[in-house]
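Since the structure comes first, as structure tokens, the remarks are kept for the end.
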Amino acid sequence: MNSPLTVTIGREELVIRQRWEVVSIVNDILIAVWFIIGSVLFFDESTATAGTWLFLAGSVELLIRPVIRLSRRLHIKRIRSSGSSGDSGYEF
């Protein structure tokens, strides 16, 4: 995951240089989405079960957060041991 990832959408390009940071941000957004939708679904008894499942999905993603951070640290350690510096110094 050293080289930038380039995503082309029409005439626009998105260059992602800090993939681990992006993965963490996307995960955080999904956590918020699951909990917001789950909360709205709790307003009606007929959708409370779906809301419960979304709360469970959000909880699982909260568990994924430290896994992403650990993966990033292990990746950086591997990069450093191979002679390249891959840490931007940004901690999330």
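Enter the accessible area per residue of region 1-78 (Å², integer; probe 1.4 Å; all protein chains in place).
Per-residue accessible area for region 1-78 comes out at 75 Å².
Tell me, what is the 1.4 Å probe accessible area of Asp28, in Å² to the nearest 10?
60 Å²
On full extension of the chain, what length is gained from Ile25 through His75, given 0.36 nm per residue of separation minus the C-alpha to C-alpha distance?
Contour length minus the Cα-Cα distance gives 16.2 nm.
Label-point separation (nm) for Glu45 and Leu62, each offset 7 Å from Cα along Cα-to-Cβ?
Distance between label points: 2.8 nm.
The values are calculated or read from the model by the stated rules, or taken from the named source; none is laboratory data. From a predicted model like this one, the values you see are computed outputs, not experimental measurements. Positions of Cβ are generated from backbone atoms using ideal geometry, with glycine treated the same way; all protein chains shown enter the neighbour counts. The area values use the complete protein model at the heavy-atom level, side chains included, leaving out ligands, DNA and RNA. Shrake-Rupley method; radii C 1.70, N 1.55, O 1.52, S 1.80 Å.
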